[in-house]
């Protein structure tokens with residue numbers, strides 16, 4: 001006997017799909033601002049010659065479900081029959097107890113009999129054998145279109161590689177970029193145009209750079225708050241920042257560590273997972289050794305540390321940045337740099353009121369934000385984003401964009417009042433091998449170029465301007481460079 005009856009399933013489905021009766025999506029579900037991921041998802045959904053199931057992946061509260069509602073609203077405005085669109089939340093207790101087969105049978109028996117529907121699955125990883133079901137639906141119902149979301153990206157990636165090969169596209173939904181944050185809260189910035197991006201600074205006269213920086217001047221006042229709470233849409237719009245951080249800690253971190261990951265990976269005790277995540281919050285932007293973490297925490301084995309770090313990455317709570325080879329120099333010992341997925345998550349966990357006045361902590365936050373922006377920008381561009389360590393004195397380059405068969409882009413974060421670049425630094429030593437070398441600075445007047453000993457120019461640009469201009473390039477769909 002089924003645990004959930006068809007009548008119970010139908011009641012839940014009707015609650016999730018009010019447009020079956022009203023013909024519209026309630027405005028509180030769709031919001032007004034549309035993120036870049038919405039446009040990418042609609043582009044994939046509309047592509048008829050290369051049919052794909054669209055899978056949106058990202059951490060909790062990042063806006064994946066809102067993007068689905070916005071897509072549904074777009075379809076309704078195009079004249080799609082409301083009953084042809086089914087939103088199915090696999091995170092709902094009743095639907096968790098039901099098989100996808102029972103849910104879809106209930107929908108087609110009572111709402112839409114044809115198999116040319118639009119299915120919107122929310123948190124698809126909670127459905128048993130979800131990847132096999134998506135494969136079956138794709139193969140057996142060629143007129144059906146599917147959009148799914150999930151918070152556990154490796155599970156989705158694995159399914160994409162196996163059952164979903166050639167059938168679906170995974171679109172990451174990171175926390176808000178600084179550009180998106182400014183647009184969401186209504187900061188007015190003059191139109192910049194598609195050609196104004198970070199690397200363009202090297203080709204501008206100083207007067208042109210100054211003109212751009214004057215246009216971006218209003219953004220300075222919003223940058224520190226963005227570092228504290230700006231990565232999550234609801235929290236960015238909150239009027240109480242302390243309450244926003246508490247919600248983030250409870251809803252984004254605690255639920256993932258204590259519920260989502262233990263359920264997905266059969267973790268018996270979440271305590272070790274929490275301890276490892278807290279440790280990583282303290283060392284964000286640093287190179288880590290899994291063996292050293294195991295020794296320092298005590299009672300945790302190295303394989304456990306490595307597994308749990310991968311689980312945290314799967315939940316989109318952290319990034320692992322791996323070393324990149326440059327100048328023919330081999331990576332002797334591959335250890336990752338760890339970045340918390342959003343500086344605001346780190347702040348909420350550590351609950352440190354002094355982060356904005358502590359230069360070291362502030363530097364970690366800004367490097368974290370820079371890595372996140374660059375990794376998100378280059379995800380769809382067949383480029384790997386890592387770091388470099390080596391050279392004559394074993395020095396680092398914080399972020400390296402590694403293009404196959406193309407010269408790399410080097411980025412060094414120097415978020416301090418005085419940000420000198422020594423002639424023997426790794427970025428000066430290797431900038432001749434790069435297509436661009438960028439130094440991210442702190443002061444709004446610290447922009448322009450720096451001449452390396454080899455005659456190459458490094459671009460100096462303040463952090464708030466670098467992040468915003470990267471978003472401006474993404475807005476215009478620019479592909480291939482910063």
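Listing for the model above:
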| item | result |
| --- | --- |
| Residue ranges of strands (runs of 3 or more DSSP E) in segment 297-402 with at least 1 members in contact with a helix residue (DSSP H, G or I) (Cβ under 8 Å, 6 or more places away or on another chain) and at pLDDT below 90 | 384-390, 395-402 |
| Those residues of segment 8-33 which are free of Cβ contacts under 8 Å to residues at least 60 places away in the same chain, closer than 27 Å to residue 170 by Cβ and out of contact with any helix residue (DSSP H, G or I) (no Cβ under 6 Å at 6 or more places or on another chain), in sequence order | 32 |
| Any chance residue 75 is under 24 Å from the mean Cα position of the chain (by Cα), buried (at least 17 other Cβ atoms within 10 Å of the Cβ), closer than 30 Å to residue 181 by Cβ and modelled with pLDDT of 90 or more | no |
| Lone qualifier among 67, 88 - being in the same structural domain as residue 105 (by TED's automatic domain parsing), over 17 Å from residue 172 (Cβ atoms), touching a helix residue (DSSP H, G or I) at 6+ places or on another chain (Cβ under 9 Å) and surrounded by 21 or more Cβ atoms within 10 Å (Cβ to Cβ) | 88 |
| Condition broken by residue 220, with the remaining ones in (1) surrounded by fewer than 17 Cβ atoms within 10 Å (Cβ to Cβ); (2) touching a residue at least 40 places away in the same chain (Cβ under 8 Å); (3) more than 17 Å from residue 470 (Cβ to Cβ) satisfied | (3) |
| Segment 403-418, residues that are within 21 Å of residue 469 (Cα to Cα) and assigned to a loop (DSSP other than H, G, I, E, B) | 403, 408, 414, 415, 416 |
| Residue list for segment 91-109, restricted to those being in a loop (DSSP other than H, G, I, E, B) and touching a helix residue (DSSP H, G or I) at 6+ places or on another chain (Cβ under 8 Å) | 91, 92, 98 |
| Any hit, segment 243-252, residues being free of Cβ contacts under 8 Å to residues at least 24 places away in the same chain, part of a helix (DSSP H, G or I) and surrounded by fewer than 17 Cβ atoms within 10 Å (Cβ to Cβ) | yes |
| Test for residue 194: is it part of a loop (DSSP other than H, G, I, E, B), over 20 Å from the mean Cα position of the chain (by Cα) and in contact (Cβ under 8 Å) with a residue 40 or more places away in the chain | yes |
| When residues of segment 159-205 are limited to those that are loosely packed, with under 11 Cβ neighbours inside 10 Å and at pLDDT 85 or above, the one farthest from residue 132 (Cα to Cα) | 205 |
| Residues of segment 10-30 satisfying the condition of being buried (at least 18 other Cβ atoms within 10 Å of the Cβ) and outside any helix (DSSP H, G or I) | 17, 25 |
| Meets criteria (assigned to a strand (DSSP E or B) and under 22 Å from the mean Cα position of the chain (by Cα)) for residue 461 | no |
| Looking only at segment 34-56, and only at residues there that are more than 16 Å from the chain's Cα centre (by Cα) and free of Cβ contacts under 8 Å to residues at least 24 places away in the same chain, the one that is nearest to residue 132 (Cα to Cα) | 50 |
| Single condition residue 216 does not satisfy, out of (1) within 22 Å of residue 352 (Cα to Cα); (2) touching a strand residue (DSSP E or B) at 6+ places or on another chain (Cβ under 9 Å) | (1) |
| Single residue of 341, 348 found to be touching a strand residue (DSSP E or B) at 6+ places or on another chain (Cβ under 8 Å), in contact (Cβ under 8 Å) with a residue 12 or more places away in the chain and in the same structural domain as residue 413 (by TED's automatic domain parsing) | 341 |
| Residue satisfying all of: in segment 269-291; part of a loop (DSSP other than H, G, I, E, B) and without any contact (Cβ under 8 Å) to a residue 60 or more places away in the chain; farthest from residue 394 (Cα to Cα) among these | 269 |
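The values are calculated or read from the model by the stated rules, or taken from the named source; none is laboratory data. What you are looking at is a predicted structure, and each value in this text was computed from that prediction instead of being measured. Every residue, glycine as well, gets a Cβ built from its backbone with ideal geometry; the counts of neighbours run over all protein chains shown.
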